[in-house]
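The values are calculated or read from the model by the stated rules, or taken from the named source; none is laboratory data. Source: prediction; values computed, not measured. Every residue, glycine as well, gets a Cβ built from its backbone with ideal geometry; the counts of neighbours run over all protein chains shown.
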Amino acid sequence: MLVRKFKEFVIEKLILICGLASIFFVVLIFLFLLKEGLAVFKTVGPFKFLFGKSWYPISEPAQLGILPLILGSLLVTLGAAVISIPIGVGCAIYIAEIAPAKTKDILKAGIELLAAIPSVVLGFVGMITLVPLVKNIFHLPTGLTALSGSIMLAFMAMPTIVSIAEDALYSVPKNYKEGALALGATHWQTIWRVMLPASSSGILAAVMLGIGRVIGETMAVMMITGNAAVIPHSILVSVRTLTATIAAEMGEAVVGSEHYFALFAIGIVLFIISFAINVTADLFLHRRQQ
Amino acid sequence: MSRKGLLMLAMLAVATSAFAAKDKNSIQVKGSDTMVNLGQAWAEKYMEKDSANFVAVTGGGSGTGLSSLISGTCDIAMSSRNIKEKEIALAKQKGVNPNEIKVALDGLAVVVNPNNPVSQLTVDQLAAIFTGKVTNWKEVGGKDGKIVLLSREVNSGTHVYFKEHVLRRNDPASREEFAASALMLPSSQAIADEVATNPAAIGYYGMGYISKKQKALNIAKDEKSVFEAPTIENVVNGKYPISRPLFLYTNGTPTGLVKQFVDFTLSKDGQEIVLKTDFVPISA
């Protein structure tokens, strides 16, 4: 009996440690980011860093303005959201409400497959197929544009959006739907007037998580957005995102230089953006549960 | 997983790390993407002769190689530019003493799409194009159309060399920069691919990457000089205006396997490989 109790105790504590470990590591990572990133403000003011218009990190003196990078990230993300949200939510409605059981299984497997494609492969495929296509359709000097990045990233956000939105639709109580149908509403009226409003917070959470995935994506955008650090005036120009900048330049940055600190500060900016997105998604999910 | 399995895994981890530490017969060579093919050719030939030892070659850019040398994660850094003073200072701080060995020369080719009517430019025109002062092909004798600038990322020695020697004309006080609209591509191959399919593009990279899908421009030092093609003879005799030395950096004077490998690169066989990979031997 005592042995059994002891065993229980040990296992409980082990699981507790596992649980705390994730928080512990997040805190460590954040502290490290802060320590390395805030050092950049010794050489450049926070305002100049966030709203500076030119990014020439290895020049003497270095110009460390990340406004073009922030706008680049936001533009690509916005584009991806505009493409992936209607398709993703539409797909979720079809799977949850309309599709026959067999089609449903095939679709779900397909979406899981889409989620399984590594981003570097998507980037590669995009570079070969999508980039020339965008160039020819819009008669652009180059197809390495924010639009190409947005389309590719939409594919990456879709699986997240579809599976969470579908979940939300499923968890709407059955009697809502039955009630609507019994009152003489058509199938579409039921979906549009009853199901969607009832699951709206879950769908919003799905959208936020999809966007979170997009803004943190690195490899595919680095390969197909052209990486020019200009302030974008349209979606048909090249942009440089926050993530691609870190990935492309971290190898070169001399440890302890202002460039190195600046890259960590970009990391903080990214961290804050993703954190805000995840918290928003969480709030929506929470509201649904209540 | 059972506890036994875990224990075995742990033992395996300890065993492999001990093994790796004992295994001194391998060296890491890292750095310039321009030199990766050359480095690999050297390593292959060297290991044919000396099969007991292993030379691993990876790219990443000159800056990447030098910072690995400084942090002690590679034995030899390949670099297509001189080490910066900042890097030397940092290396000294970490107890590393960078030792420079010149192993080859490289001509930087400026390439456009074969369908582009422009076939020659002066260095001044190049500087104007890449700093964004000239934005239409019409202004340098081509068709009416926007110029698409292709550049390497800032971790590339080629990027730094091109900026200092073409954009800034070797003037340390110059503040010229690549136009912000220049596309930064992650590798020389990416530039080659984009130039091959895009008639409006212009890019630059080491001579070794020239193929039939791109047209290498003839370059003149100034308006009065003759336009020269990026060929091995023109780099050796100094007529081609954009050429540069390629270096290996080691920590202190090389010893052991590092020395053997460096000596091999400078030997007759090593320099023949330089020629075969489309670079220019130093002794020629």
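Observations, loosely collected:
- The residue of the range B:14-47 that is modelled with the highest pLDDT, among those that are more than 15 Å from B:G60 (Cβ to Cβ) and hydroxyl-bearing (S, T, Y), is B:Y46.
- Number of positions in the range A:103-134 that are exposed (fewer than 13 other Cβ atoms within 10 Å of the Cβ), within 16 Å of the chain's Cα centre (by Cα) and part of a helix (DSSP H, G or I): 1
- From the options B:S62, B:S68, residue that is within 13 Å of chain A (Cβ to nearest Cβ) and surrounded by fewer than 24 Cβ atoms within 10 Å (Cβ to Cβ): B:S68
- In the range B:135-159, the residues that are facing chain A (nearest Cβ under 9 Å), surrounded by fewer than 22 Cβ atoms within 10 Å (Cβ to Cβ) and among the β-branched types (V, I, T): none
- Subset tally (residues that are under 29 Å from B:D193 (Cβ atoms), more than 14 Å from chain A (Cβ to nearest Cβ) and either surrounded by fewer than 22 Cβ atoms within 10 Å (Cβ to Cβ) or small (G, A, S) (or both)) for the range B:71-111: 4
- Filtering the range B:196-213 to residues that are touching a Phe, Trp or Tyr at 6+ places or on another chain (Cβ under 9 Å) and under 25 Å from B:T277 (Cα atoms) leaves B:I202, B:Y204, B:G206, B:M207, B:G208.
- Any hit, the range A:74-92, residues being modelled with pLDDT under 95 and either closer than 30 Å to B:E87 by Cβ or not in a helix (DSSP H, G or I) (or both): no
- Subset of the range B:130-164 (residues that are more than 18 Å from A:S54 (Cα to Cα) and touching a Ser or Thr at 6+ places or on another chain (Cβ under 8 Å)): B:K146, B:I147, B:V148, B:S156, B:G157, B:T158, B:Y161, B:F162
- Among (1) modelled with pLDDT under 90; (2) more than 9 Å from chain B (Cβ to nearest Cβ); (3) touching a helix residue (DSSP H, G or I) at 6+ places or on another chain (Cβ under 8 Å), the one test that A:L283 misses: (3)
- If you go through the range A:140-189 and keep only what is away from chain B (no Cβ under 14 Å), within 18 Å of A:R240 (Cα to Cα) and not hydrophobic (A, V, I, L, M, F, W, C), you end up with just A:S150.
- Residue check, A:I137 closer than 25 Å to A:S199 by Cβ, modelled with pLDDT of 90 or more and more than 14 Å from every other protein chain (Cβ to nearest Cβ): no
- Filtered by the rule that a residue be more than 11 Å from every other protein chain (Cβ to nearest Cβ), part of a helix (DSSP H, G or I) and not hydrophobic (A, V, I, L, M, F, W, C), the range A:29-73 gives A:K35, A:E36, A:G37, A:K42, A:P46, A:K48, A:G72, A:S73.
- Checked against (1) surrounded by fewer than 16 Cβ atoms within 10 Å (Cβ to Cβ); (2) touching a residue at least 24 places away in the same chain (Cβ under 8 Å); (3) hydroxyl-bearing (S, T, Y), A:S84 passes all but condition (1).
- Restricting the range B:24-40 to residues that are assigned to a strand (DSSP E or B) and more than 10 Å from the chain's Cα centre (by Cα), the residue that is farthest from A:I58 (Cα to Cα): B:S26
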